[in-house]
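Colleague: This structure is in structure tokens; I'll ask about it shortly.
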Amino acid sequence: MTVDRTSIRGVVETVYYSGPAFSAGRLRMSDGKLITFAGKVFARENDAVRLEGQWTNHPKYGRQFAADCMGFDQEMDAAGLANFLANHPDVKGIGQAKAQLIADHFGARFDAAIRSQPATVAAIAKASLEAILGLQRVWIANGDFNAAMTYLSGFGLTHHQVTTLVGRFGSMVVPILEKDPYVLVREIAGFGFKRVDKIARKMGTPKDLPSRIQAGIQFCVLDALDDGDCWVEYEDLLDRANTLLVMDTLDSREMIEGHLEALIAEALLVSQPFEQLVVADPEIHQMETELAEVLRTATQHSPHAVADIDNLLDAEGSELNPEQRDAVRNALTFSISLMTGGAGSGKTYAISTISSIAERIELKLVLAAPTGKAAKRIEEVVGHEASTIHRLLGFNGSTYSRDALNPIEADILVVDEVSMMDVALAWRLFQAVDRRRTAVVLVGDHNQLPPVGPGNLLRDLVRSQAVPTTLLTKIIRQAGVLKENSTAILNGEVRPTSDSLIGARRPWYIIDKFTDRDDVRRMLLLLFNEVLQERLGYDLIRDVQVLTPTHKGPLGTVELNIELQRLLQKKLFAVDVPTVEAGHRARPHPGDKVIQTKNDYELGVMNGAMGVVVDAKSDGSLIVDFDGRMVEIKSGSDALGNIQLAYVTSIHKVQGSEFPCAVVIVHKSHSFMHHRNLLYTAVTRATDSVILLGDRWGINNCANKRQVDRRNTFLSFLLRAEALQ
């Protein structure tokens, strides 16, 4: 293998795989020779390119060019220029004949001609000026890209990231970044402070650059939001920023404080004195403040308060226990009410009763939940149509059609799985509720994990009792062994493998003999290879979900998905999956279970949606079946990066979802992440069977470790009893 860095030029003849961060294919060089290339570039067939990198000997594919940088080749001979003009996918209205006329006439003078004499080019090509101006835009954009790529490739940015920057800033991208690289943090989604700071430091940007210090402070506030906190204590924020920025001066903390005060004075951050001085993003502060104002009015009578509630409860809810009866009474009495309880406590039956009463007295009931899975589940159980909150609000990816001027049309709005609602979603929902017409019933399980986004609405409400609240504590008779054992975890008890059988299956399995992580992996593969389908009768793709706390490591989602893909592709489809290189994720194959990791409103696929790959094309495009809806995800699009294997997911990712069988990995190597609510959330994802797999100490420690998740929220201050007076 040669380690010398070099560059090669040619036309991409074949693409084996192409995505935003990786492509592989064949390049025909100017001497006619075909070579294989692969690397962190985005290649398309018929592109004339310049690749930079080095020659390597791949253990499987032999001699190939490992590319880490790609530019569009604009120094082509006449034949190459004609090929570029006729075949580039972004050039419209220039066929082979017109391309040949241009190439033959202008040759090496084409760059100057297309930039300054587009009308002349149009006349020579016998093409419309509109088509030639379109060609001019593509040609100049390629030139801008080449300049930016040459400048930025040394900082480790991918082809896709450079494309994003050039698309945003055009030919000015290099001077803009030379002056202030931290503009990336403010202007481009996905460019975090740490990544930009690394680039800027390579460029020699001084550590005391004001935009750097302010970007670092704002990063610390946004980083707290990513952790679920809505504010950071003032002194703590100074300490975090000081640690992050590493200013190398004795007065660095004072310098940072000066910039923090400037950000507050400019209203880019907001500070509030509570028990201590806290700092927050202005938008999240406004949302929580307005939410608190709404929630303070919860004890007002419902617009449809019912006079003869007891008679209705006797008629429609004769099987309600006293706690459930109280929850239904609150729903029909108050403007806003809350019902919360663990698995098997009867929340769903209480919702069904509210639905029946609403139908009886001719009130319009609307059911909603944060995710599609949760909405589908409540719809099936209650027998009443339900939707996601986003769909209810008419969200199209950028705007909401429902708001204060066009509110939700409902007499009673029931929102399930409220534990998953972050501050932004809750605020948006209440903005679209006409309180003069609509009573809101919030339903959730406060024992589950808090939302992925910032805030802790359900627990803040339970602690403050600001809203009329019913806590369901009794496990109803019909709950069964699975829900009883799941609820026992809340008392720190992990019950042994169940004696009861439903056919060949037990509802509860404990496999806790494996202290070594590799043994856990081997047992998991054995379950999929010989037990789950053969002995328990589960569909390995659609019925079984493996859950683990983390993405990294031998028992994380990435490595376990690679192992299970290899096993199941061979077992179910007789396909040998290629080895996945270290640091890469596995690419989906036909038959694989996959999950969407971000909301994609253009495709109509939401974060957390699971599907099965129907087809994986040679160019990297996928066709995925999402519950009977076929979606094509094209090669090179950002959307392709939002699809990952889903045989194994994190526990957070499946909140609101249910599966017939959940295999939960609980091992001492994850003990730093373990706590009781995490384990409870995992086991309550199963409807038929839970298999707890790991080691005895890890499982017991997870059940016994109580984590008080006291997120920093404004509602925790604003909803206190004294604040409500």
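The values are calculated or read from the model by the stated rules, or taken from the named source; none is laboratory data. Nothing here was measured: the structure is a model prediction, and the numbers come from that model. A quick note on method: Cβ atoms are made from the backbone with ideal geometry, for glycine too, and the neighbour counts reach across all protein chains shown. What goes into the accessible areas is simple: the full protein's heavy atoms, side chains included, and nothing from ligands, DNA or RNA. Shrake-Rupley method; radii C 1.70, N 1.55, O 1.52, S 1.80 Å.
Colleague: For the stretch 616-725, list the helices (runs of 4 or more DSSP H) that sit wholly inside it and hold at least 2 residues that are modelled with pLDDT of 95 or more; which are they?
Modeller: In the stretch 616-725, 676-683, 696-704 are the helices (runs of 4 or more DSSP H) which contain 2 or more residues that are modelled with pLDDT of 95 or more.
Colleague: Can you find even one residue in the stretch 218-225 that is open to solvent by less than 50 Å² (accessible area, probe 1.4 Å), outside any helix (DSSP H, G or I) and within 23 Å of residue 257 (Cα to Cα)?
Modeller: Taking every residue of the stretch 218-225 in turn, none turns out to be open to solvent by less than 50 Å² (accessible area, probe 1.4 Å), outside any helix (DSSP H, G or I) and within 23 Å of residue 257 (Cα to Cα).
Colleague: Another question about this same structure. Mind counting the residues in the stretch 275-299 that are open to solvent by less than 10 Å² (accessible area, probe 1.4 Å) and closer than 16 Å to residue 436 by Cβ?
Modeller: Here the count works out to 1.
Colleague: Looking only at the stretch 232-240, decide whether some residue is in contact with a strand residue (DSSP E or B) (Cβ under 8 Å, 6 or more places away or on another chain), touching a residue at least 60 places away in the same chain (Cβ under 8 Å) and either open to solvent by 50 Å² or more (accessible area, probe 1.4 Å) or at negative phi (or both).
Modeller: Looking for residues that are in contact with a strand residue (DSSP E or B) (Cβ under 8 Å, 6 or more places away or on another chain), touching a residue at least 60 places away in the same chain (Cβ under 8 Å) and either open to solvent by 50 Å² or more (accessible area, probe 1.4 Å) or at negative phi (or both), one finds at least one in the stretch 232-240, hence yes.
Colleague: Does the stretch 491-503 contain any residue that is assigned to a helix (DSSP H, G or I), of a type in the set (Ser, Thr, Tyr) and open to solvent by less than 40 Å² (accessible area, probe 1.4 Å)?
Modeller: No, every residue in the stretch 491-503 fails to be assigned to a helix (DSSP H, G or I), of a type in the set (Ser, Thr, Tyr) and open to solvent by less than 40 Å² (accessible area, probe 1.4 Å).
Colleague: So for the stretch 658-673 (the condition being out of contact with any strand residue (DSSP E or B) (no Cβ under 8 Å at 6 or more places or on another chain) and open to solvent by less than 20 Å² (accessible area, probe 1.4 Å)), does at least one residue qualify?
Modeller: No, every residue in the stretch 658-673 fails to be out of contact with any strand residue (DSSP E or B) (no Cβ under 8 Å at 6 or more places or on another chain) and open to solvent by less than 20 Å² (accessible area, probe 1.4 Å).
Colleague: Any idea how many residues of the stretch 385-421 are part of a loop (DSSP other than H, G, I, E, B), touching a residue at least 12 places away in the same chain (Cβ under 8 Å) and of a type in the set (Ser, Thr, Tyr)?
Modeller: The qualifying residues number 1.
Colleague: Considering each of 173, 185 in turn, give the residue that is surrounded by 18 or more Cβ atoms within 10 Å (Cβ to Cβ), at pLDDT below 90, of a type in the set (Val, Ile, Thr) and closer than 30 Å to residue 289 by Cα.
Modeller: 185
Colleague: Report, by residue number, each residue of the stretch 107-121 that is farther than 18 Å from residue 48 by Cα and open to solvent by 10 Å² or more (accessible area, probe 1.4 Å).
Modeller: 112, 115, 116, 117, 118, 119, 120
Colleague: May I pose another question? Is it true that residue 595 is open to solvent by 20 Å² or more (accessible area, probe 1.4 Å), within 28 Å of residue 376 (Cα to Cα) and either part of a strand (DSSP E or B) or basic (Lys, Arg) (or both)?
Modeller: Judged against the criteria, residue 595 is not a match.
Colleague: Starting from the stretch 560-576, keep only residues that are closer than 13 Å to residue 548 by Cβ, then list their pairs with residues that are assigned to a loop (DSSP other than H, G, I, E, B) and open to solvent by 10 Å² or more (accessible area, probe 1.4 Å) whose Cβ atoms are within a distance under 7 Å, requiring at least 6 positions of separation or different chains.
Modeller: What qualifies is 561/586.
Colleague: Out of everything in the stretch 130-164 that is touching a helix residue (DSSP H, G or I) at 6+ places or on another chain (Cβ under 6 Å) and under 22 Å from residue 206 (Cβ atoms), what residue ends up being modelled with the highest pLDDT?
Modeller: So, considering only residues that are touching a helix residue (DSSP H, G or I) at 6+ places or on another chain (Cβ under 6 Å) and under 22 Å from residue 206 (Cβ atoms), the one modelled with the highest pLDDT is 152.
Colleague: Test residue 263 against the stated conditions and say whether it is under 19 Å from residue 193 (Cβ atoms) and modelled with pLDDT under 95.
Modeller: Spelling it out, it is not the case that residue 263 is under 19 Å from residue 193 (Cβ atoms) and modelled with pLDDT under 95.
Colleague: All but one of (1) in contact with a helix residue (DSSP H, G or I) (Cβ under 6 Å, 6 or more places away or on another chain); (2) crowded, with 22+ Cβ neighbours inside 10 Å; (3) among the β-branched types (Val, Ile, Thr) hold for residue 378; state the number of the condition that does not hold.
Modeller: Among (1) in contact with a helix residue (DSSP H, G or I) (Cβ under 6 Å, 6 or more places away or on another chain); (2) crowded, with 22+ Cβ neighbours inside 10 Å; (3) among the β-branched types (Val, Ile, Thr), residue 378 violates only (1).
Colleague: Of the residues that make up the stretch 436-448, is at least one closer than 21 Å to residue 717 by Cα and of a type in the set (A, V, I, L, M, F, W, C)?
Modeller: yes
Colleague: Let me ask something else about it. What's the total number of residues in the stretch 38-83 that are part of a strand (DSSP E or B) and either modelled with pLDDT under 75 or not acidic (Asp, Glu) (or both)?
Modeller: Result for the stretch 38-83: 22.
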